[in-house]
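The values are calculated or read from the model by the stated rules, or taken from the named source; none is laboratory data. Predicted model, so just to flag it, every value in this text is computed and none were measured. Glycine also receives a Cβ, built like all others from the backbone with ideal geometry; neighbour counts cover every protein chain displayed. Ligands, DNA and RNA are stripped out before the accessible areas are found, and what is left, the full protein with its side chains, is counted by its heavy atoms. Shrake-Rupley method; radii C 1.70, N 1.55, O 1.52, S 1.80 Å.
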Amino acid sequence: MAIKRKRDASWSELGFDPLECILRKLPFLDVLRFKRVCRSWFSVAENYVSSPCYSPYFQTPWLLLPSDKEDWEEDYDGEEARGLGFFNLDEKKEYRDVCVCEEVYEGRCVGSSHGWLVLLDKTANLSVCNPFSGARIQVGSLTEEDLDFSDVDAYFLKEEPQVFVPKAVVMSESKKNKDKDMDGVVLIYGSRKKLAFCRYRDDRFIELDGAHQPYHDIICYAHMVCAVSQTGSVEAWDFSGESPTKVMDMTPSFPLKTAEFRRSFGDLYSSQFYLVESYGELLFIVRLIGDFVDGDGKPVGEEDLFSDEVIQPYKTLLFHVYRLDPHEKKWVEMESLGDQVVFVGGNHSMSLKVEDCPGCIKDSIYFTDSYWERMNEDCSYGGHDIGCYNLRDGSLNHPFYDIRLWKLKPVPFWIVPNPW
């Protein structure tokens, strides 16, 4: 009597429950690979990661880079690269087959937060895109009817959007967010560095009633938008209601250490300010950039450009870090970040525990280039200023990733991967 063999089961026919059990064990990158197995697995993964029960493994931020190193040579003439790669700090490995968001190539990145890139195209349309899942949300247009900007601003909006919008952040994780009041984008814009926001439901930008422009950085946390100005003033708005309500307007005295440094060396350095939330505290981070540096990494004057010595373009040399004392209304210097790791640049500034960031060094600031005003002044450099600064010992690992060129387009950004 012949024995009838059972038909081999197909992986595509596995039910939702066993597949969900597998997904629960997978880190982010493996979730992406899981989705590529077949249509049914893709559908299961999409439903799972969009569900309230999904809580992803926390990921060390990745570095978004232009295509691969061979392409950098081809794009040295200043043209935008047509590909993107990602450098995983944990694995010290580059991935070039992850990005599936075509919209990244159609606009230029003006921000990164919660795994989303904020893109501003040449027609002033702003959108957010997840380069890993391919999800996209159209936000709205930056128009003179809604916002206050000049003819000069209009030029930069079209030709150099990162000068017009030096920082844009997504208020929340969007797809996972249940609070629609925090579902949108807030940004700094124009030559006067004013604030504006757009909720996805509104489809238009509205100015935020800031009192201390020009602003240097904005962050979002706990239903609030916080901004730091050129003078070190801090404002915060509560977005939990129908309209944002200002809940903080504080003008601490500017940190004496940084003020004295700028008085003494202001002709050699430029500075950038970042605002970071850490364990419920606000940190004020000052980035000091040598406008021109010699071969030893020391800042030199503009007159040295005519010497025989090789002079390099701008380069970050050190940081000052302060925490806000809300009772004394002052910035208090910090000599150490403890077990924290900070990421700054064009991204949503963030502080993370080193135990959540394998591959990173505690007490360090990882930075990417955000010197937008000088990014395109010369075709031979821009986007190059990335590295890692240790606050406790003042050491500078510049850079932590092997970059052979001074000109990188698109500009590198930090991004925390998510599959939504």
message = I'd like to verify a number: residues in the stretch 244-269 that are surrounded by 16 or more Cβ atoms within 10 Å (Cβ to Cβ), outside any loop (DSSP other than H, G, I, E, B) and in contact with a Gly (Cβ under 9 Å, 6 or more places away or on another chain), how many?
response = 2
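Would you please name the residue that is farthest from S349 (Cα to Cα), looking only at residues in the stretch 221-232 that are among the polar types (S, T, N, Q) and within 22 Å of the chain's Cα centre (by Cα)? Quick ask: steps written out before the conclusion?
Start the filter on the stretch 221-232 by keeping residues that are among the polar types (S, T, N, Q), which leaves 229-231.
Among the residues that remain, those that are also within 22 Å of the chain's Cα centre (by Cα) are: 229-230.
On the way: S229: 15, Q230: 16 Å.
Out of the qualifying residues, it is Q230.
In the stretch 308-347, how many residues are in a loop (DSSP other than H, G, I, E, B) and either of a type in the set (A, V, I, L, M, F, W, C) or open to solvent by 50 Å² or more (accessible area, probe 1.4 Å) (or both)?
The first filter runs over the stretch 308-347 and keeps only residues in a loop (DSSP other than H, G, I, E, B), leaving 308-311, 313-314, 326-329, 334-339, 345-347.
Okay, now just the ones that are also either of a type in the set (A, V, I, L, M, F, W, C) or open to solvent by 50 Å² or more (accessible area, probe 1.4 Å) (or both), so 308-311, 326-329, 334-335, 337, 339.
So the answer is 12.
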inquiry  = Within the stretch 289-305, does at least one residue satisfy the condition of being open to solvent by less than 40 Å² (accessible area, probe 1.4 Å), within 24 Å of L89 (Cβ to Cβ) and part of a strand (DSSP E or B)?
reply    = yes
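Anything in the stretch 124-149 that is among the hydroxyl-bearing types (S, T, Y) and within 26 Å of G382 (Cα to Cα)? List them, or say none.
Of the stretch 124-149, the ones among the hydroxyl-bearing types (S, T, Y) are 127, 133, 141, 143.
Within the stretch 124-149, just S127 meets the criteria.
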remark   = Within the stretch 273-322, restricting to residues that are modelled with pLDDT under 90, of a type in the set (D, E, K, R) and in contact with a strand residue (DSSP E or B) (Cβ under 8 Å, 6 or more places away or on another chain), the one that is nearest to V344 (Cα to Cα) is K298
inquiry  = Please determine whether any residue of the stretch 351-363 is open to solvent by 60 Å² or more (accessible area, probe 1.4 Å), more than 28 Å from A168 (Cβ to Cβ), hydrophobic (A, V, I, L, M, F, W, C) and touching a strand residue (DSSP E or B) at 6+ places or on another chain (Cβ under 9 Å).
reply    = yes
message = Exactly one condition in (1) in a helix (DSSP H, G or I); (2) open to solvent by 90 Å² or more (accessible area, probe 1.4 Å); (3) modelled with pLDDT under 75 is false for D17; which is it?
response = (3)
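If we scan the stretch 395-410, do we find a residue that is part of a strand (DSSP E or B) and either out of contact with any strand residue (DSSP E or B) (no Cβ under 6 Å at 6 or more places or on another chain) or aromatic (F, W, Y) (or both)? Break it down stepwise before answering.
Here is the first cut: in the stretch 395-410, the residues part of a strand (DSSP E or B) are 396-397, 407.
Filter again for either out of contact with any strand residue (DSSP E or B) (no Cβ under 6 Å at 6 or more places or on another chain) or aromatic (F, W, Y) (or both), leaving none.
Looking through the stretch 395-410, none of the residues is part of a strand (DSSP E or B) and either out of contact with any strand residue (DSSP E or B) (no Cβ under 6 Å at 6 or more places or on another chain) or aromatic (F, W, Y) (or both).
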query = Quick check: anything in the stretch 66-88 at pLDDT below 75, among the charged types (D, E, K, R), open to solvent by less than 70 Å² (accessible area, probe 1.4 Å) and outside any helix (DSSP H, G or I)?
reply = yes
ask   = What number goes with the only condition from (1) out of contact with any Ser or Thr (no Cβ under 6 Å at 6 or more places or on another chain); (2) in contact (Cβ under 8 Å) with a residue 24 or more places away in the chain; (3) surrounded by fewer than 21 Cβ atoms within 10 Å (Cβ to Cβ) that D369 does not pass?
value = (3)
